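The values are calculated or read from the model by the stated rules, or taken from the named source; none is laboratory data. Bear in mind the structure is a predicted one, so any value in this text is a computation, not a measurement. FYI the Cβ positions are ideal-geometry reconstructions off the backbone, even for glycines, and counts take in every protein chain you see.
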Amino acid sequence: MRLADIDRVLGIEKDCFPDPWPRSAFEDIVKSRDHGAVLGVVDNKLVAYGCYLIIGPEAHLTNLAVSPKFRRKRVARQLLSHILEVAQRKECEYILLEVRPRNESAIAFYENAGFKLLYRRPRYYRNPVEDALVMVYYFTDNES
Ligand SMILES: CC(C)(COP(=O)(O)OP(=O)(O)OC[C@H]1O[C@@H](n2cnc3c(N)ncnc32)[C@H](O)[C@@H]1OP(=O)(O)O)[C@@H](O)C(=O)NCCC(=O)NCCS
């Protein structure tokens with residue numbers, strides 16, 4: 001992701017989430033050394049993105065979204081595979097994410113990709129206030 005991509009990214013973000021991130025959140029990611037962001041492009045059109053943070057042994061999937069018309073085409077799976085590869089190359093032991101308990105499609109997607117429920121974090125989200133399910137994917141065999 002580059003600064004020039006953020007207008008289009010914000011359009012997708014607003015289509016995908018009730019509490020979209022502000023422009024400044026994506027600007028901070030693009031400028032940060034610890035964060036990364038990858039784009040999904042179909043027919044030269046930006047249709048998806050995934051954001052992540054790597055700190056020491058821990059990776060965090062901070063955002064993942066696919067424009068509604070382009071879902072169920074394995075776009076998110078490809079973005080996630082890329083992010084998992086990057087995290088593994090940087091010797092992360094696991095990757096965490098938060099998801100709203102009512103977001104059944106995202107939970108199904110993450111379970112299909114091998115993530116497991118770790119715990120429930122109370123009142124994590126705003127607009128609307130909701131718990132988060134924290135899910136984890138271990139890169140090492142002994143934890144899975
Ligand atoms: C969750 C999301 C990123 C999935 O993107 P996607 O590109 O449609 O997912 P993929 O096509 O790569 O799906 C891969 C597999 O995940 C599972 N899956 C994905 N969406 C699913 C759904 N709605 N219901 C059930 N299983 C689903 C399926 O097993 C799918 O494989 P299949 O299509 O061969 O059955 C997308 O629905 C999205 O952007 N949602 C809104 C934003 C969001 O909630 N992001 C996650 C925040 S934590």
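Listing for the model above:
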read-out: Hits in the stretch 87-144 - residues which are among the β-branched types (Val, Ile, Thr) and touching a residue at least 12 places away in the same chain (Cβ under 8 Å); value: ILE95, VAL99, ILE107, VAL134, VAL136, THR140
read-out: Checklist (1) among the aliphatic types (A, V, I, L, M); (2) part of a helix (DSSP H, G or I); (3) buried (at least 16 other Cβ atoms within 10 Å of the Cβ); (4) near the ligand (Cβ under 7 Å from one of its atoms) applied to LEU97, failing item; value: (2)
read-out: Any hit, the stretch 63-74, residues being small (Gly, Ala, Ser) and modelled with pLDDT of 95 or more; value: yes
read-out: The listed residue being at pLDDT 95 or above, touching an Asp or Glu at 6+ places or on another chain (Cβ under 8 Å) and farther than 21 Å from GLY11 by Cβ, out of LEU96, LEU46; value: LEU96
